[in-house]
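Here the structure comes first, spelled out in structure tokens, and everything after it is commentary.
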Amino acid sequence: MSFDLSLIASSLPKILQGLGLTLNLLVVSTLFGLVLAVGILLMRLSRRSWLVWPAKAYIYFFRGTPLLVQLFIIYHGLPQFGFIRQSVLWPILREPYWCSVIALSLNTAAYVSEILRGGVLGVDKGFVEAGKALGLSKFQRTTRITAPLAVRLALPAYSNEIVSMLKSTALASTVTLMEMTGVARTIVADTFAPYEIFIAATIIYLVLVWIIQTGFTLIETYANRHVRKT
Amino acid sequence: MADIIVLEKMNKFYGTYHALKDVNLSISKGEKVVVCGPSGSGKSTMIRCINRLEEHNSGRIVVAGEELTDDEKKIDLVRREVGMVFQSFNLFPHMTVLENLTLAPRLVRKMATAEAEAIAMKYLTRVRIPDQAHKYPSQLSGGQQQRVAIARALCMNPEVMLFDEPTSALDPEMISEVLDVMTDLAREGMTMVCVTHEMGFARSVADRIVFMDQGEIVEVSTPAEFFAAPRSERARTFLGQILAH
């Protein structure tokens, strides 16, 4: 078997043409997912059982099934139903881009809501009591004390989830999207050189992960400036 | 004088465990009450009921003219008038000292930031650490953190201050700086309810000593009576244990 270094070099710029779509899927799904996750978190932490159990069921379903299967159900499965094709949602659900965004968002929301819940449960009860003793309302305690401390506790696990999301965007290539992995697969089909091409893709993913990791390290350092001793 | 805190036949259960049994206690304005007793005797639970960090199950609690019930509005009214200092300080770790002190005056009393900061600096000066205003709690010693916690409670200009074992988490060399601040506060006429094992402080500051054991108030007496001749056997045993060394 021959190994062609120049092929790696020449395929890098081609694969980078998919970078925009990869980042687009990552950012859009992460934002939608975060908003959804906060909603699920509030339901999950509620004292009302009729809010808690749908949240638990949601988390169980989306953590309990493969993301690829969820994507296929949305992209291949839903259009089987006539009423979906007739519905106002059809312009969205027939687009592989939106199907990918929906699958990624719904999936990450389940994980992120649990990551945030871990943060909330990690906040020392004493701080909340101090807030009560000062006469702060429940809303004020939540926004000024619990939430900022919970977010700090959740950051390491959240950065893990973002890295995981970056890699999950590759699944969008299975529904025809030309993000980086999609582009790489096309080049492989032309060149019959899977080794070199996927190594090139690997290099780009590793660089992106490095940027995400470093970014989160900076954010964590800033967010935890109060625990540094002088 | 008017009673600012009234506990009447108050009972508190944790499940089936009877934590407070028919507690009766009235505290008048300006009075300093030290609550002592062995661990598990219900001292902390009792003072935590006064600002409803714990809910009582029966009996009445009236604080600053408001009876504590499920009514959230009244609970908030009471909490505004009652400052609390905790064993573990509980300063908000993500805020500077100044932010810790101004948070409640700004949000609860709707005070302008400049005014809240001026008041905060006044109390930081009173607890003798105005130079630490812009540090984070983790940068301070335990004694300094507890003095900030006292200042934070004072910034709300409370009618009553509750202290829940304020020196129990401190290294010995820092205890006196906190007790000094508390003694100053007592001299200025603040109404204080203090759970503590610091018997020297109790002797010099308290108007009355409340001795609790197994969820009951066993005796209430002046420090002079309590230390010279405790009426109950349980108090004698307790004093023997803590003053033995």
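We did not get these values from a lab; they are worked out from the coordinates using the rules stated. No experiment lies behind these values; they were computed from the predicted model shown. Note that we place each Cβ from the backbone using ideal geometry, even for glycine, and neighbour counts take in every protein chain shown.
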(request) Report the full-extension gain for the segment B:N57 to B:D3: residue separation times 0.36 nm, less the Cα-Cα distance, to one decimal in nm. (result) 17.2 nm
(request) Calculate the spin-label point distance for A:E95 paired with B:F227, positioning each point 7 Å from the Cα along the beta-carbon direction, and give it in nanometres. (result) 7.9
(request) Using only Cα atoms, find the angle between the long axis of helix A:180-191 and the longest principal axis of chain A, and express it within 0 to 90 degrees, rounded to the nearest 10. (result) 10
(message) How tilted is helix A:147-168 with respect to the longest principal axis of chain A? Cα atoms for both, answer in degrees (0 to 90, nearest 10).
(response) 10
(message) Along the Cα→Cβ direction, 7 angstrom out, place labels at B:D71 and B:T113. What is the inter-label distance in nm?
(response) 3.6
(message) I'd like the antiparallel share, as a percent to the nearest 5, of DSSP beta bridges with both residues in segment B:126-226.
(response) 50
(message) Along the charge dipole of segment A:1-98, pointing to its positive end and built from +1/-1 on Cβ of Lys, Arg, Asp and Glu, which listed residue (A:V35, A:P54, A:T22) has its Cα farthest out?
(response) A:P54
(request) Treating the angle as unsigned and between 0 and 90°, give the value, to the nearest 10°, between the Cα long axis of helix A:19-45 and the longest Cα principal axis of chain A. (result) 30
(message) Run the helix sum for the protein assembly as shown: -39,500 (n - 2.57) per DSSP H stretch of 4+ residues, divided by residue count, reported at 222 nm to the nearest 500 deg cm²/dmol.
(response) -18000 deg cm²/dmol
(message) Given R₀ = 41 Å, what would the calculated FRET efficiency be for A:K138 paired with A:S6, taking r from the Cβ atoms and rounding to 0.05?
(response) 0.05
(message) Taking each pair of distinct Cα atoms in chain B once, what is the resulting Kirkwood hydrodynamic radius in Å?
(response) 18.5
(request) Quick one: go through segment B:205-245 and flag any residue whose amide nitrogen is under 12 Å from the point 7 Å out along the Cα-to-Cβ line of B:T183. (result) B:205-206
(message) Principal axis extents for chain A, Cα atoms only, whole Å, descending order, please.
(response) 71, 58, 26
(message) Inside 10 Å of the C-beta atoms of B:69-78, what's the mean count of C-beta atoms belonging to other chains?
(response) 1
(request) Report the one residue of B:M46, B:T69, B:H56 whose Cα lies farthest in the direction of the positive end of the charge dipole of segment B:35-84 (charges on C-beta: Lys and Arg +1, Asp and Glu -1; origin at the Cα centre). (result) B:M46
(request) Report the one residue of B:P93, B:M182, B:A244 whose Cα lies farthest in the direction of the positive end of the charge dipole of chain B (charges on C-beta: Lys and Arg +1, Asp and Glu -1; origin at the Cα centre). (result) B:P93
(request) May I ask you to order A:172-184, B:29-41, B:102-114 by the average number of other C-beta atoms within 10 Å around their residues, highest value first? (result) A:172-184, B:29-41, B:102-114
(request) Can you give me the three principal axis dimensions of segment A:101-165 from its C-alpha atoms, in Å, biggest first? (result) 43, 21, 13
(request) Would you work out the charge dipole size for chain B about its Cα centre, treating the Cβ of every Lys and Arg as +1 and the Cβ of every Asp and Glu as -1, and quote it to the nearest 20 debye? (result) 200
(request) Apply 1/(1 + (r/R0)^6) to the Cβ-Cβ distance of A:A57 and B:S39, taking R0 = 51 Å, and write down the FRET efficiency to the nearest 0.05. (result) 0.70
(message) For the protein assembly as shown, give me the percentage of DSSP beta bridges that are antiparallel, rounded to the nearest 5 percent.
(response) 55
(message) Averaged over its residues, how many other protein chain Cβ atoms are within 10 Å of peptide A:145-151's Cβ atoms?
(response) 2
